Amino acid sequence: MIYFYDGSKESFLTAFVLSYGDGDATLTSRDCQLSLGQETVFVKADPARAAKAEARLNAIDSHCMRDLDLLLRSGEKQRDGVLLRYFRCLAAYGRPVRDMYQVDAAREADRALRKIGTEIHRMKGFVRFMECASGALYAPVSPDNDICDLLLPHFRGRLGSIPFVIHDVSRRKAAVFDGEHSFVAPLGGAEIVLSADEENWRDLWKRYYASVNIPSRERLKQMRGYMPVRYWRFMPEKR
Amino acid sequence: MISEEKLHILVNGAKFDVSCSSSGSKRKNGGGIGNGFAEGCCHSFTPDGRCVSLLKILMSNDCIYHCKYCVNRADADVPRATATPEEICELVMAFYKRNYIEGLFLSSAVCRTPDYTMEQLLRTVKLLRTEYKFFGYIHVKGIPYADGALVRETARYADRMSYNIELPSEQSLKLLAPQKTRESLLAPMRSLALQSSQFKAEKRKGHFLPAGQTTQLIVGASPEPDGQILRLTQALYRKNGLKRVYYSSYVPVVHDALLPDRPAGELREHRLYQADWLLRFYGFTAEEIVNDDGNLSYDLDPKCAWALNHMQYFPVEVNRAPLETLLRVPGIGARSAYKIMQARRFGALTFEDLGKMHVVLKRARHFITANGKFYGANETAVRGLLTAGERNDGAVQLNLFSDAETAHSALTGEL
């Protein structure tokens, strides 16, 4: 049986409960190719059921809801399978399985979580703000995983009272700090009026980047390993 | 705004400094811009594979010293420039706000006098912290022979300071950096370490070098063997409490009769860094990892070389070996060792499990048993198998003066 859910936490937990006894259950939140005669269930989030499942899972592993929240942000194709196997494994062992690296389900989840963690760390460095005429900062990004709101606390801590927007252009949403509150909002396009000095500082940064390189020690493969090409799109020094 | 040309000159003079890390400081944002990020953060990577974390810049490249290896030495024919403290502060604020950098790495050539130079550095960081309200990471280079009071005050504003030892022996310093002595570099380092521990003990408010001190050694400009370099490194970690020692393989940008005209090679630098990691995280001592000839082996990484010379300790059983033993197995790093320690609490690990856990078995399999099974080659074949795939670009023309003692007398003419 194939269980379709909408990608939210509640709907995942409902689907998880519904599919629990089903040995060949497939969970998915995306389009998928059905085989002939395959049965499908469209799961509607059931708050009561989800809350009960959450409480029971929390009793097994108090950090598992954090894992769920992160894994639901994953942009990977196998995400739903990894999630289902990880939570089934958790329920079956009745204890935290995070460090059981010899168990496939736990290891897969660990790897997926690590990938998301790596991208969050990378984005803290690779986000590039431009200054708008109003003094606010705007940064377009396009991460693999849905993580733009997780960057808010980091940049709030360092930018003080300056308002800023981190715009996930591929998911058409933005993490916003308006000077007082931070929130997430849907955002399609943005028209930016740059501040007078913006271009100059950007050129100076490009010049810095070119000057600090040592041409006789070229290691392009290493550079691309640390800073994959897909992140270059919004970095002025790489365009 | 600083001009592009000036920026280019001042960055060009600073770029050979390898230290660029921004980790270790948890400074809070005190109502301005910036904070410390203890993990450290890389903001970009240049085509030479190095990260850009800090804005690496010289205050001035107008030097009164004659260090032979240096691009900025007094008699070099290079364009000179000096930045004002305001220019640097403005640049840091603009770059930091746009998330281009994690902080400032401020260094300088010795301009006019050591005290004058240190004063300029101090003025800049003080301005940045108090006027511009910048709370991000600042790394300041210490100037040898500068007044202790200036250095101490700078340390109150900086997150990290470093004195570059550059050459691993007094003899080489005398030859290549005649105005510096070993003592002029080590004494301020010791004094800062002492003040830092006093500051911590007194639990005073504010900061005193929260990210500690580092230093840098040039490898291959002078004839010291790896063993000497590593013993120096070890002493610096143990006695002066340094956070890092960086190695910079010598690149001949300057031509001088006293300097080699070949670059030292990146492999040597790589091996030294591997050895450095063994000292800091793997419980090795410098004496253990150096070969009898005083150098590291170039065809094998230092841990592998050590293990092959100590086959009596191997193979070890991964399901029972304590952490410090696991860390000594070639191919098993800190992360793999941790994973093994965690996973084996739930059940015995087999070779298959290790493979799935992404423990690199290429080297490790010769030195471990998993659940009693051994999949390695026999002792005589191991060396051949391990060296076969390694890089070997260290082949060089034999040199008449290739050993350390004769090399010095060849340069100085003394017998």
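The values are calculated or read from the model by the stated rules, or taken from the named source; none is laboratory data. Remember, it's a predicted structure, so these values are computed and weren't measured experimentally. Using ideal geometry, Cβ is built from the backbone for each residue, glycine included, and neighbour counts are taken over all protein chains shown. When the accessible area is computed, the model is the full protein with side chains, heavy atoms only, and any ligands, DNA or RNA have been set aside. Shrake-Rupley method; radii C 1.70, N 1.55, O 1.52, S 1.80 Å.
With respect to B:Val92, determine if the residue is crowded, with 23+ Cβ neighbours inside 10 Å, in contact with a Ser or Thr (Cβ under 6 Å, 6 or more places away or on another chain) and touching a residue at least 40 places away in the same chain (Cβ under 8 Å).
No, not satisfied.
Looking at this structure, is B:Asn99 open to solvent by 10 Å² or more (accessible area, probe 1.4 Å), polar (S, T, N, Q), in the same structural domain as B:Asp62 (by TED's automatic domain parsing) and within 27 Å of the chain's Cα centre (by Cα)? No; evaluated as a whole, the condition is false for this residue. B:Tyr145 fulfils the conditions (1) surrounded by fewer than 21 Cβ atoms within 10 Å (Cβ to Cβ); (2) over 24 Å from the mean Cα position of the chain (by Cα) except for a single criterion, (2).
When the stretch B:8-36 is examined, which residues are found to be open to solvent by 30 Å² or more (accessible area, probe 1.4 Å) and basic (Lys, Arg)? B:Lys26, B:Lys28 - these are the residues of the stretch B:8-36 that are open to solvent by 30 Å² or more (accessible area, probe 1.4 Å) and basic (Lys, Arg). Within the stretch A:147-164, the set of residues being among the aliphatic types (A, V, I, L, M) and away from chain B (no Cβ under 13 Å) comprises A:Ile147, A:Leu150, A:Leu152. Here A:Tyr138 meets each of (1) buried (at least 22 other Cβ atoms within 10 Å of the Cβ); (2) closer than 29 Å to B:Leu54 by Cβ; (3) in contact with a Phe, Trp or Tyr (Cβ under 8 Å, 6 or more places away or on another chain) with one exception, condition (1). The set of residues in the stretch B:358-385 being within 14 Å of another protein chain (Cβ to nearest Cβ) and farther than 19 Å from B:Pro322 by Cα consists of B:His358 alone.
If the condition is being under 14 Å from A:Ala136 (Cα atoms) and open to solvent by 30 Å² or more (accessible area, probe 1.4 Å), then the stretch A:163-178 contributes A:Pro163, A:Val165, A:Asp178.
The residue of the stretch A:180-234 that is nearest to the other protein chains (Cβ to nearest Cβ), among those that are open to solvent by 40 Å² or more (accessible area, probe 1.4 Å), in a helix (DSSP H, G or I) and among the acidic types (Asp, Glu), is A:Asp203. As for the stretch B:222-244, it holds at least one residue that is part of a strand (DSSP E or B) and in contact (Cβ under 8 Å) with a residue 40 or more places away in the chain.
Counted as qualifying within the stretch B:92-200 are the strands (runs of 3 or more DSSP E) with 2 or more residues that are hydrophobic (A, V, I, L, M, F, W, C) and in contact with a strand residue (DSSP E or B) (Cβ under 6 Å, 6 or more places away or on another chain), namely B:103-107, B:137-141.
The residue list B:Lys243, B:Lys200, B:Lys174 contains one member that is more than 16 Å from the chain's Cα centre (by Cα) and closer than 30 Å to B:Gly36 by Cβ, which is B:Lys200.
Is the stretch B:73-85 home to any residue that is in contact with a Pro (Cβ under 8 Å, 6 or more places away or on another chain), in the same structural domain as B:Ser222 (by TED's automatic domain parsing), within 30 Å of B:Gln171 (Cβ to Cβ) and of a type outside the set (Phe, Trp, Tyr)?
No; the residues of the stretch B:73-85 include none that is in contact with a Pro (Cβ under 8 Å, 6 or more places away or on another chain), in the same structural domain as B:Ser222 (by TED's automatic domain parsing), within 30 Å of B:Gln171 (Cβ to Cβ) and of a type outside the set (Phe, Trp, Tyr).
If you go through the stretch B:1-45 and keep only what is within 7 Å of chain A (Cβ to nearest Cβ) and under 18 Å from B:Leu91 (Cβ atoms), you end up with B:Met1, B:Glu4, B:Leu7, B:His8, B:Val11, B:Asn12, B:Lys15, B:Gly32, B:Ile33, B:Gly34, B:His43, B:Ser44.
Looking at A:Arg85, A:Arg98, A:Arg171, A:Arg79 in this structure, which one is outside the structural domain of A:Leu27 (by TED's automatic domain parsing), closer than 27 Å to A:Lys9 by Cα and touching a residue at least 24 places away in the same chain (Cβ under 8 Å)?
Going through A:Arg85, A:Arg98, A:Arg171, A:Arg79 in turn, just one is outside the structural domain of A:Leu27 (by TED's automatic domain parsing), closer than 27 Å to A:Lys9 by Cα and touching a residue at least 24 places away in the same chain (Cβ under 8 Å): A:Arg171.
Scanning the stretch A:206-239 for residues that are of a type in the set (A, V, I, L, M, F, W, C) and in contact with a helix residue (DSSP H, G or I) (Cβ under 6 Å, 6 or more places away or on another chain) gives A:Val212, A:Trp232. Comparison of B:Gly227, B:Gly212, B:Gly206 shows that the only residue that is touching a Lys or Arg at 6+ places or on another chain (Cβ under 7 Å), open to solvent by less than 40 Å² (accessible area, probe 1.4 Å) and either small (Gly, Ala, Ser) or over 19 Å from B:Met189 (Cβ atoms) (or both) is B:Gly212. All of (1) over 20 Å from the mean Cα position of the chain (by Cα); (2) under 25 Å from A:Phe4 (Cα atoms) hold for A:Asp99 with one exception: (2). Return the pair list, or none, for Cβ contacts closer than 8 Å from residues in the stretch B:263-276 that are at negative phi and charged (D, E, K, R) to residues that are part of a loop (DSSP other than H, G, I, E, B) and open to solvent by 40 Å² or more (accessible area, probe 1.4 Å), at least 6 apart or on different chains. Note: pairs meeting the criteria are B:Arg268/B:Tyr298; B:Arg268/B:Gly394; B:Arg271/B:Tyr298. Here is a check on your reading of the model: is B:Asp62 in contact with a Lys or Arg (Cβ under 8 Å, 6 or more places away or on another chain), farther than 21 Å from A:Arg224 by Cα, open to solvent by 40 Å² or more (accessible area, probe 1.4 Å) and more than 14 Å from every other protein chain (Cβ to nearest Cβ)? Against the criterion (in contact with a Lys or Arg (Cβ under 8 Å, 6 or more places away or on another chain), farther than 21 Å from A:Arg224 by Cα, open to solvent by 40 Å² or more (accessible area, probe 1.4 Å) and more than 14 Å from every other protein chain (Cβ to nearest Cβ)), B:Asp62 qualifies. Considering each residue of the stretch B:70-79 in turn, at least one proves to be over 28 Å from A:Glu218 (Cβ atoms), more than 14 Å from chain A (Cβ to nearest Cβ), surrounded by fewer than 20 Cβ atoms within 10 Å (Cβ to Cβ) and not aliphatic (A, V, I, L, M). Here A:Ile116 passes the criteria (1) at pLDDT below 95; (2) more than 30 Å from A:Glu198 (Cα to Cα) except the one numbered (1). B:Lys243 falls short on exactly one of the conditions (1) out of contact with any Asp or Glu (no Cβ under 9 Å at 6 or more places or on another chain); (2) more than 30 Å from B:Asp159 (Cα to Cα), and that condition is (2).
Within the stretch A:74-96, identify whether any single residue is more than 23 Å from A:Ala53 (Cα to Cα) and crowded, with 20+ Cβ neighbours inside 10 Å, and answer yes or no. No, the stretch A:74-96 has no match at all. Within the stretch A:10-56, being hydroxyl-bearing (Ser, Thr, Tyr), surrounded by fewer than 16 Cβ atoms within 10 Å (Cβ to Cβ) and touching a strand residue (DSSP E or B) at 6+ places or on another chain (Cβ under 8 Å) holds for one residue alone: A:Thr40.
The rows are residues; the columns are (1) over 27 Å from A:Arg122 (Cα atoms); (2) at pLDDT 90 or above; (3) in a loop (DSSP other than H, G, I, E, B); (4) among the charged types (D, E, K, R).
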{"position": "B:Ile2", "(1), (2), (3), (4)": "yes, yes, yes, no"}
{"position": "B:Glu5", "(1), (2), (3), (4)": "yes, yes, no, yes"}
{"position": "B:Leu10", "(1), (2), (3), (4)": "yes, yes, no, no"}
{"position": "B:Asn29", "(1), (2), (3), (4)": "no, yes, yes, no"}
{"position": "B:Gly40", "(1), (2), (3), (4)": "no, yes, yes, no"}
{"position": "B:Pro47", "(1), (2), (3), (4)": "no, yes, yes, no"}
{"position": "B:Lys56", "(1), (2), (3), (4)": "no, yes, no, yes"}
{"position": "B:Asp62", "(1), (2), (3), (4)": "yes, yes, yes, yes"}
{"position": "B:Cys70", "(1), (2), (3), (4)": "yes, no, yes, no"}
